[in-house]
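First the structure, in the form of structure tokens, and then the observations on it.
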Amino acid sequence: MKARRLLRHLWKSERGTQMIEFAFALPFLLLLFAGVAELGRMFYTYTTLAKATRAGARYASTQLTVAGDDLTHIKNMTVCGYTTGCDGTGQPTAVVSGLSSSNVTVSTRTVSSIQYVSVTITYNYTPLIFDLAAMTGSQSVSLSKTFTPSTEMRFMN
């Protein structure tokens, strides 16, 4: 009889139910937090690249030519914010990890005798947290994106 009363008491008791609910909800909350963090990182990377194209186009619009050393300086300005470049040995680093001058394209065009310069970055973004391609071994489920921000400005000279 005593055992039956104890079982009935345990069956009707609600102690510990919050812990069970929390244990069910925790994986979803962690997944939500990681998703928000990855989305924030993606937006940060894109806006940083867009700002870099504006800096490069602004600098390019003041140059006389878009060739030779001027082209190198424009690409360096876009990649790390300095015309001297960023080689990783005490120099400034690239604005986004993995960005190099080979990712930068500089082009010009003329419309009704007005010259324009365009700076474009092509950057392959790879997720840090949700890299499904690495997790599954299949590129078909990859969340990697190619960002191509571009800025066009009129030549100042």
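Looking only at residues that are outside any loop (DSSP other than H, G, I, E, B) and small (G, A, S) in the stretch 53-89, which one is farthest from V104 (Cα to Cα)?
G68
Per-residue answers, yes or no, for (1) of a type in the set (A, V, I, L, M, F, W, C); (2) over 26 Å from Q115 (Cα atoms):
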| residue | (1), (2) |
| --- | --- |
| E14 | no, yes |
| F28 | yes, yes |
| L32 | yes, yes |
| A50 | yes, no |
| A57 | yes, no |
| T65 | no, no |
| T72 | no, no |
| C80 | yes, no |
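The number of residues in the stretch 37-50 that are without any contact (Cβ under 8 Å) to a residue 40 or more places away in the chain and surrounded by 11 or more Cβ atoms within 10 Å (Cβ to Cβ) comes to 3. So is C86 free of Cβ contacts under 8 Å to residues at least 12 places away in the same chain, surrounded by 19 or more Cβ atoms within 10 Å (Cβ to Cβ) and not hydroxyl-bearing (S, T, Y) or not? For C86, the condition - free of Cβ contacts under 8 Å to residues at least 12 places away in the same chain, surrounded by 19 or more Cβ atoms within 10 Å (Cβ to Cβ) and not hydroxyl-bearing (S, T, Y) - is met. Within the stretch 54-79, the set of residues being buried (at least 17 other Cβ atoms within 10 Å of the Cβ) and under 20 Å from the mean Cα position of the chain (by Cα) comprises A55, G56, K75, N76, M77, T78, V79.
This table checks each residue for (1) over 27 Å from K145 (Cβ atoms); (2) free of Cβ contacts under 8 Å to residues at least 60 places away in the same chain; (3) surrounded by 12 or more Cβ atoms within 10 Å (Cβ to Cβ).
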residue	(1), (2), (3)
A52	no, no, yes
G81	no, yes, yes
T93	no, yes, yes
G98	no, yes, no
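Among the residues of the stretch 14-33, those identified as of a type in the set (D, E, K, R) and in a loop (DSSP other than H, G, I, E, B) are E14, R15.
Say we look at the stretch 115-132 and pick out the residues that are modelled with pLDDT under 90 and not polar (S, T, N, Q); which of these is surrounded by the fewest Cβ atoms within 10 Å (Cβ to Cβ)? By that ranking, first place goes to L128.
The values are calculated or read from the model by the stated rules, or taken from the named source; none is laboratory data. The shown structure was predicted, so the numbers you read here are calculated from the model rather than taken from an experiment. Glycine also receives a Cβ, built like all others from the backbone with ideal geometry; neighbour counts cover every protein chain displayed.
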